[in-house]
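What follows is a single structure, written as C-alpha cells, with notes after it.
Bear in mind these aren't lab numbers, they're just calculated from the coordinates by the rules spelled out. Values in this document were obtained by computation on a predicted structure and should not be read as measured data. As a convention, Cβ positions derive from the backbone with ideal geometry for all residues, glycine included, and neighbour counts pool all protein chains shown.
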Amino acid sequence: NAGVTQTPKFQVLKTGQSMTLQCAQDMNHNSMYWYRQDPGMGLRLIYYSASEGTTDKGEVPNGYNVSRLNKREFSLRLESAAPSQTSVYFCASSEGWRGETQYFGPGTRLLVL
Amino acid sequence: KNEVEQSPQNLTAQEGEFITINCSYSVGISALHWLQQHPGGGIVSLFMLSSGKKKHGRLIATINIQEKHSSLHITASHPRDSAVYICAVRGTSGSRLTFGEGTQLTVNP
C-alpha cells in the first residue's frame with residue numbers, strides 16, 4: 001500500500017497563476033485534510049473532508065478551494081497564487097474525524113514568486 | 001499565547017542520553033497526539049493518548065489532564081532519533097487538531 005500520495009513534490013508559480021495539488025489515499029479512510037506548514041508556526045488546517053461528499057473550512061481557508069473527488073482523492077486548488085501561499089502543503093487522512101490517528105503524505109513544497 | 005506550547009524549541013543530546021520533550025496546552029482536550037517529522041519532511045504519528053501513559057519501543061508518552069501537560073521521553077537516544085517532534089491536541093468541542101511548533105532534536109554520535 002502506498003498510503004497517502006501527493007503530487008507534485010515541488011512547484012514554482014508566478015503570482016496570479018493557478019494550480020491544483022493532488023492527494024490520494026489507499027487506506028479506505030473516510031476523512032481527509034489539507035495542512036500548510038510555515039517556519040515558526042505549527043501545521044495549520046486549510047480544509048478538511050469528514051466524509052466523501054462533504055468539505056469544511058479549517059483555520060486558514062482563504063485563497064483556497066477543495067474538491068473531494070471520491071473517497072480516495074482530495075484536491076486543493078489555488079485559483080490565483082500569492083507569495084503568502086509559499087509554504088509546504090501536507091495532505092493527511094484518517095479513518096474517521098473524531099480523534100483518530102492521521103496519516104500524512106510526503107508534502108508539496110510550493111514557491112510563489 | 002498559543003494553545004499548544006512545546007519546550008524546548010531545540011534540543012541537542014549525545015547518543016545514549018535520556019530525552020524529555022514537553023507539551024503544555026490551554027484548552028480542554030479529548031486527545032493529544034505526538035508526531036515525528038523526519039529530516040526529509042515526512043510526518044508520522046507516534047502516539048495518541050487521552051490519559052496515562054503509552055510506550056512503544058524506546059519512546060514513552062505521558063499525559064496529565066489536570067495539569068494540561070504531556071511529555072515525550074526517549075530512552076537510550078540514537079542519532080536516528082534526530083527529527084522534529086510535534087505535539088497536537090484535539091479540543092473537546094471540535095474535530096480539528098491544533099499543533100505546536102515542534103521541537104527540533106539532534107542526537108550526536
> Based on the alpha-carbon gyration tensor of the protein assembly as shown and its eigenvalue square roots a ≥ b ≥ c, which shape applies: rounded if a/c is under 1.5, prolate if not and a/b is larger than b/c, or oblate?
Replying inline: prolate
> Non-local amide H neighbours of residue B:46 (under 5 Å, H modeled in plane, Pro and chain starts lacking H): which ones?
Replying inline: B:34, B:35, B:36
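Please give the FRET efficiency for residue B:68 paired with residue A:52, using the beta carbon to beta carbon distance and R0 = 35 Å, rounded to the nearest 0.05. Mind showing how you got there, number by number?
Details: r = 35 Å, r/R0 = 1.01.
Once the sixth-power term is evaluated, E becomes 0.50.
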>> Take residue A:1 and residue A:71, extend 7 Å from each Cα along the Cα→Cβ direction, and tell me the distance between the two endpoints in nm.
In response: 1.3 nm
> Which residue, A:101, A:86, A:20, has the most motion in a Gaussian network model of chain A that connects Cα atoms within less than 10 Å?
Replying inline: A:101
>> What lysines does residue B:68 reach when the alpha-carbon gap must be under 22 Å and sequence neighbours fewer than 8 apart in one chain are set aside?
In response: B:1, B:53, B:54, B:55
>> Just to check I understand the Karplus step: with θ = phi - 60° and J = 6.51 cos²θ - 1.76 cosθ + 1.60, what whole-Hz values come out for the stretch B:60-77, glycine and proline as x?
In response: 10, 10, 10, 9, 10, 5, 5, 8, 6, 8, 9, 10, 10, 10, 10, 8, 6, 4
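Please compute the net charge surrounding residue B:100, taking Lys and Arg as +1 and Asp and Glu as -1 over other residues with Cβ under 10 Å from its Cβ. Mind showing how you got there, number by number?
Details: positive: none; negative: B:3, B:5, B:101.
In short, -3.
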>> If you take every residue apart from residue B:32 with its C-beta less than 10 Å away from the C-beta of residue B:32, what net charge results, scoring Lys and Arg +1 and Asp and Glu -1?
In response: +2
> Which FRET efficiency value, to the nearest 0.05, do you get for residue B:14 and residue A:38 by plugging their Cβ-Cβ distance into 1/(1 + (r/R0)^6) with R0 = 41 Å?
Replying inline: 0.85
> Under a straight-distance cross-link criterion of Cα-Cα below 22 Å, which lysines are reachable from residue A:57, leaving out those fewer than 8 residues away in the same chain?
Replying inline: A:71
> So, with +1 on the Cβ of K and R and -1 on the Cβ of D and E, and no other charges, what is the size of the charge dipole of chain A about its Cα centre, to the nearest 20 debye?
Replying inline: 260 debye
> Say a paramagnetic label sat at a point 7 Å from the Cα of residue B:75, along Cα to Cβ; which residues of the stretch B:10-41 have their backbone N under 16 Å from it?
Replying inline: B:16-21
> residue B:82 to residue B:27: FRET efficiency via 1/(1 + (r/R0)^6), r the Cβ-Cβ distance, R0 30 Å, to the nearest 0.05?
Replying inline: 0.45
